[in-house]
């Protein structure tokens, strides 16, 4: 499905092609900290289908406990998280933050990862598959 979105202040706008059947929730502690809330929701968009139309995201490199490095892109003006990607010159996919998309109501999560880190007051979402760690 065609998606489009922006940061809160509108400085960064983008478009892409996303699979609504591949929306995920991540409960890892890094995502909790980076979002400032209990989890993050994202949808993968192939690099060839992701286009920043205006603005330039600022990038923070996060190093996971595993040593994996991930680019966390956000608006340098309003702080809105936009996407995450592998820390390479040519990422193949962007994990676009669903909350930035105009079509967010149509992008219902299908699975949750790092369920073992979910905060105890977050109820399970009926009908989605959960993984204790990252799914492969």
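Filtering segment 94-130 down to residues that are within 16 Å of the chain's Cα centre (by Cα) and assigned to a loop (DSSP other than H, G, I, E, B), which residue is nearest to residue 25 (Cα to Cα)?
Only one residue fits best here, namely 109.
Give 107, 101, 53 a once-over and let me know the one that is surrounded by fewer than 18 Cβ atoms within 10 Å (Cβ to Cβ), at negative phi and at pLDDT 95 or above.
Details: 107 fails: surrounded by fewer than 18 Cβ atoms within 10 Å (Cβ to Cβ); 101 fails: surrounded by fewer than 18 Cβ atoms within 10 Å (Cβ to Cβ).
Result of the check over 107, 101, 53: 53.
In segment 112-130, what count of residues is obtained for those that are in contact with a helix residue (DSSP H, G or I) (Cβ under 9 Å, 6 or more places away or on another chain) and surrounded by fewer than 16 Cβ atoms within 10 Å (Cβ to Cβ)?
2
Considering only segment 58-73, I want to know if a residue exists there that is under 24 Å from residue 130 (Cβ atoms), surrounded by 14 or more Cβ atoms within 10 Å (Cβ to Cβ) and over 13 Å from the mean Cα position of the chain (by Cα). Quick ask: steps written out before the conclusion?
Step one: filter segment 58-73 for residues under 24 Å from residue 130 (Cβ atoms), giving 62, 64-66, 68, 70, 72.
Of the ones still in play, those that are also surrounded by 14 or more Cβ atoms within 10 Å (Cβ to Cβ) are 62, 70, 72.
When the remaining residues are screened for being over 13 Å from the mean Cα position of the chain (by Cα), the result is 62.
Yes: one or more hits.
The values are calculated or read from the model by the stated rules, or taken from the named source; none is laboratory data. Computed from a predicted model, the values in this text were never measured in an experiment. Quick reminder, even Gly has a Cβ in these numbers, built from the backbone with ideal geometry, and neighbours come from all protein chains shown.
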